[in-house]
1. Do you know the relative contact order of the chain, to the nearest whole percent, from alpha carbon pairs under 8 angstrom that are 6+ apart?
2. Please give me the summed charge of the neighbours of CYS142: other residues whose Cβ is under 11 Å from its Cβ, Lys and Arg +1, Asp and Glu -1.
3. Using a basic spin-label model with each label point 7 Å from the Cα along Cα→Cβ, how many nm lie between ALA141 and ARG291?
4. In a shell of Cβ-Cβ distance under 10 Å around GLY186, excluding GLY186 itself, what net charge do Lys and Arg (+1) and Asp and Glu (-1) give?
5. Toward the positive end of the charge dipole of the chain, about the Cα centre and with charges on Cβ (Lys, Arg +1; Asp, Glu -1), which of GLY223, VAL257, ALA136 goes farthest?
6. Which listed residue (GLY205, ILE281, ALA112) has the Cα farthest towards the positive end of the charge dipole for the chain, taking +1 on Lys and Arg C-beta and -1 on Asp and Glu C-beta about the Cα centre?
7. Provide the three semi-axes, in whole Å and in decreasing order, of the ellipsoid equivalent to region 297-361 as defined by the square roots of 5 times the Cα gyration tensor eigenvalues.
8. Using only the Cα atoms of region 241-361, build the gyration tensor, take square roots of its eigenvalues as a ≥ b ≥ c, and label the shape rounded, prolate or oblate: rounded if a/c is under 1.5, else prolate if a/b is larger than b/c, else oblate.
Amino acid sequence: MMDTKIMTIHGRDGVFSCEEEQALQEAGEVLRSGGLVAFPTETVYGLGGDALNPESSRKIYAAKGRPSDNPLIVHIARMEDMAAVVSRVPEAALRLGQAFWPGPLTMVLPKAERVPRETTGGLETVAVRMPSHPVARRLIACGGGYVAAPSANLSGRPSPTSARYVIEDMAGRIDVIIDGGDGDIGLESTIVDMTVDPPQILRPGYITQDMLSEVLGQVSLDGTILTADSGQAPRAPGMKYRHYAPRGELTIVSGQVAEVTAYINAHAAQDQAQGYKVGVIGTDEALAGYRADLICSLGSRQDEESIARHLYGILRRFDDEQVTRIYSECFDAMGLGQAIMNRLLKAAGHRLVELDSNREQ
Ligand code: TXA
Ligand code: MG
């Protein structure tokens, strides 16, 4: 166990107090000397190390308990720094950067020589992202400009959307945790592979397929994103792991509200009779109808951003309360819903019950 220093830095609107600036310099120095710093981004918290130092990347894998064939995303603070970690900047990558950076978008490109294979999980490509969170950007600049950062959770747990989850998973394992408040988006960045034609989405996120298509024209989707494992390996190595798995068995139920409520209540009662503790992941509109041990709302069905923001926190809460059976409502896999359903289906190990008999095939 090591001593983990907790720093609180909100940096609202990108303005830091003298104390906050000092703390950021100190955390930057930790990164430069090969240490690990967890920090807030607009998506989820990251577990950062110097991306150009192979020893830092090894420490990241060890702290997370993560297999080292799973590549890390290199975070930068300025658009022009992309050129230093990739071997070539295609024109399409520049256009995407101009449209969506800083922000929740990661691009996979051929890597430059100086990026160690420890950082890219042995691949010849590198994933690059420029986050918009002011604390993240200042830390990256103070830390030397290139910060490798996976989500700051222990391998197998949901990504942390709040510093308290980072503390749960990482205290005693890393040098510094920066508490910068709750994540805005709550789901990890969209990953686009720019080494193929047309570019391909490897992980859906806040930047949707439509938004990307507007800039790039055609954009394809990795076939494993919304379908059950078909023997096909996802192209982002990390997507093959059961990343988002809660400890309880999760089932997604789709259909009309009344049918879904009746199904969930009937199964919850049966499960309870067998000694299971039952949780329901619902929405404001349907919440009053459920009967279970723990009922949580993701927010209004009309507000997809709220659903995205609350999903991981609720999965963690069910773990904390030792819920052993979980039922969730289903969402349309359109727009941001594509990312929501991708994470929810992974958490459920693709256990989906479809009740709607009128649904068109
Ligand atoms: O929003 C995010 O992207 C967060 C914050 C901290 O920035 N980071 C994050 O990192 O989600 P991580 O390590 O949890 O997920 C990175 C994903 C993994 O599925 C990994 O396999 C994939 O990106 N990836 C990284 N480099 C890749 C590459 N060169 N080719 C294909 N996939 C890659
Ligand atoms: Mg992760």
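The values are calculated or read from the model by the stated rules, or taken from the named source; none is laboratory data. All values reported here derive from a predicted model rather than from experimental measurement. Quick reminder, even Gly has a Cβ in these numbers, built from the backbone with ideal geometry, and neighbours come from all protein chains shown. Heads up: the accessible areas ignore ligands, DNA and RNA and are worked out on the full protein's heavy atoms, side chains in. Shrake-Rupley method; radii C 1.70, N 1.55, O 1.52, S 1.80 Å.
1. Details: 814 pairs, mean separation 67.2, N = 361.
Dividing the mean separation by the residue count of the chain yields 19 percent.
2. Here the count lands on 0.
3. It works out to 5.8 nm between the two label points.
4. Details: positive: ARG309, ARG343; negative: GLU42, ASP182, ASP184, GLU188, GLU305.
Once all neighbours under 10 Å are counted, the net charge is -3.
5. GLY223
6. Among GLY205, ILE281, ALA112, the one farthest towards the positive end of the dipole of the chain is ALA112.
7. Numbers: eigenvalues 86, 51, 22 Å².
Sorted largest first and rounded, they come to 21, 16, 10 Å.
8. Numbers: a/c = 1.42, a/b = 1.13, b/c = 1.26.
Taking the square roots of the gyration eigenvalues as a ≥ b ≥ c, region 241-361 is rounded.
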